[in-house]
1. Do any residues in the stretch 102-114 that are over 15 Å from Ile54 (Cβ atoms) have Cβ atoms under 6 Å from those of residues that are part of a helix (DSSP H, G or I) and of a type outside the set (Asp, Glu), where the two are at least six apart or on different chains, and which pairs are they?
2. Would a scan of the stretch 193-215 turn up a residue that is of a type in the set (Ser, Thr, Tyr), open to solvent by 10 Å² or more (accessible area, probe 1.4 Å) and either within 14 Å of the ligand (Cβ to nearest atom) or part of a helix (DSSP H, G or I) (or both)?
3. In the stretch 1-19, which residues are closer than 25 Å to Gly70 by Cα and either buried (at least 18 other Cβ atoms within 10 Å of the Cβ) or not polar (S, T, N, Q) (or both)?
4. Determine whether the stretch 127-143 contains at least one residue that is β-branched (Val, Ile, Thr), open to solvent by less than 10 Å² (accessible area, probe 1.4 Å) and more than 15 Å from the chain's Cα centre (by Cα).
5. Within the stretch 102-126, which residues are under 12 Å from the mean Cα position of the chain (by Cα) and either over 17 Å from Thr165 (Cα atoms) or not assigned by TED's automatic domain parsing to the domain that holds His75 (or both)?
6. Which condition breaks for Thr165 when tested against (1) more than 10 Å from the ligand (Cβ to nearest atom); (2) buried (at least 19 other Cβ atoms within 10 Å of the Cβ)?
7. Name, by its number, the condition in (1) surrounded by fewer than 17 Cβ atoms within 10 Å (Cβ to Cβ); (2) more than 16 Å from the ligand (Cβ to nearest atom) that does not hold for Glu218.
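The values are calculated or read from the model by the stated rules, or taken from the named source; none is laboratory data. Only a predicted model underlies this, so the values are computations on that prediction, with no experimental measurement involved. Here the Cβ positions follow ideal geometry from the backbone for every residue, glycine too, while neighbour counts run over all protein chains shown. Surface areas here come from the heavy atoms of the whole protein model, side chains and all, with no ligands, DNA or RNA. Shrake-Rupley method; radii C 1.70, N 1.55, O 1.52, S 1.80 Å.
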Amino acid sequence: MIPTSFDYKKASSVEEALGMLGDDAQILGGGHSLIPALKLRLNAPGTLVDISKIDSLKVIRDNENSITIGAGVTHAEIAASDVLAQHCPMMGQAANAIGDIQVRNRGTIGGSIAHADPAADWPAVLLATDANVIIQGKNGKRTVDIDQFFKGFFETALEEGEIITTISIPKTAFNRNSTYVKFKQPASRFALVGCAAAVEMDGGSVKSARIGLTGVSEYAYRATGVENALAGKALNADTIASAVSGVTDSVDVMSDHYASEKYRSHLAHVFVKRALMNLSYSK
Ligand SMILES: Cc1cc2nc3c(=O)[nH]c(=O)nc-3n(C[C@H](O)[C@H](O)[C@H](O)COP(=O)(O)OP(=O)(O)OC[C@H]3O[C@@H](n4cnc5c(N)ncnc54)[C@H](O)[C@@H]3O)c2cc1C
């Protein structure tokens, strides 16, 4: 469990980090996914560029129409954020459900979505928030809609030499009425299945819903069939039961030594239902 040898560079700004990112270099955030991968020799970069001390990446900002979260903000800092609790409660719920206290104190939201583990919590939550991901490269900045960010198994829209700087969460009615529930793998606490749901109500019926799922398939996805089935309906046990029936219809459900395809699919139904029932009680 000893990594191959590598050079180590610590950056004090995003620009400095971009300059340090040569051909064989890799960004080091909180290290809670990368260091295990290095120890298992699944990864062997020549240089690690440590971005964990870049102050500009460690800020949660309350803006007029959005909350911006620096990529270097830790899970624990998100769990403790009052502004996120007020405008998007599922963020704090998800942060508190990640790993253990050491993981939450070191691991970052930017590192998590860059890594794109199929069982990670943030991908499902950010899909439900309708977030934007702001990415910086040597040629400038670009913004990627979260719906276009996750591309496959550990695969994202990030390109070589780019750094995620910020995640922007819109202040919306659906984010204020949101929840995250998950069935944990008991040792790592990664999600066997995790569901983030955000629902805007208009009078007694659903105006819009966004539902993100993780752990089910090779990468997190939105349950658009469920979202569409809920539109215009009351949010109650009957409408929810009918809407969730197709939650895994258009996805390849994973099967591994933790959970068979059939069991995961069952969990997906149970946890989407549970998330929506939580919101039905709170409306
Ligand atoms: C025991 C244990 C339990 C865990 N349980 C959970 C869990 O329950 N739920 C969960 O979601 N996660 C869990 N994790 C993973 C944890 O959340 C990681 O911290 C996270 O996935 C990666 O964030 P990091 O900051 O540690 O990134 P790192 O490990 O430093 O980096 C991960 C990858 O992202 C890249 N990267 C990092 N930051 C950036 C950036 N700003 N821009 C571009 N690329 C970047 C790195 O180059 C690397 O490829 C667990 C980890 C451990 C060790």
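1. So the pair list comes out as Arg104/His75; Arg104/Ala76; Asn105/Ala76; Gly107/His75; Ser112/Trp122; Ile113/Trp122.
2. Checked against the condition, which is being of a type in the set (Ser, Thr, Tyr), open to solvent by 10 Å² or more (accessible area, probe 1.4 Å) and either within 14 Å of the ligand (Cβ to nearest atom) or part of a helix (DSSP H, G or I) (or both), the stretch 193-215 yields no hits at all.
3. Answer for the stretch 1-19, where residues must be closer than 25 Å to Gly70 by Cα and either buried (at least 18 other Cβ atoms within 10 Å of the Cβ) or not polar (S, T, N, Q) (or both): Tyr8, Lys9, Lys10, Ala11, Val14, Glu15, Glu16, Ala17, Leu18, Gly19.
4. Yes, because at least one residue in the stretch 127-143 is β-branched (Val, Ile, Thr), open to solvent by less than 10 Å² (accessible area, probe 1.4 Å) and more than 15 Å from the chain's Cα centre (by Cα).
5. Listed by number, the residues that qualify are Asp117, Pro118, Ala119, Ala120, Asp121, Ala124, Val125.
6. (1)
7. Result: Glu218 passes all but (2).
Per-residue answers, yes or no, for (1) within 25 Å of Asp121 (Cα to Cα); (2) within 13 Å of the ligand (Cβ to nearest atom); (3) surrounded by 15 or more Cβ atoms within 10 Å (Cβ to Cβ); (4) not assigned by TED's automatic domain parsing to the domain that holds Ala116:
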| site | (1), (2), (3), (4) |
| --- | --- |
| Leu21 | no, yes, yes, yes |
| Glu64 | no, no, no, no |
| Ala94 | yes, yes, yes, no |
| Ala97 | yes, yes, yes, no |
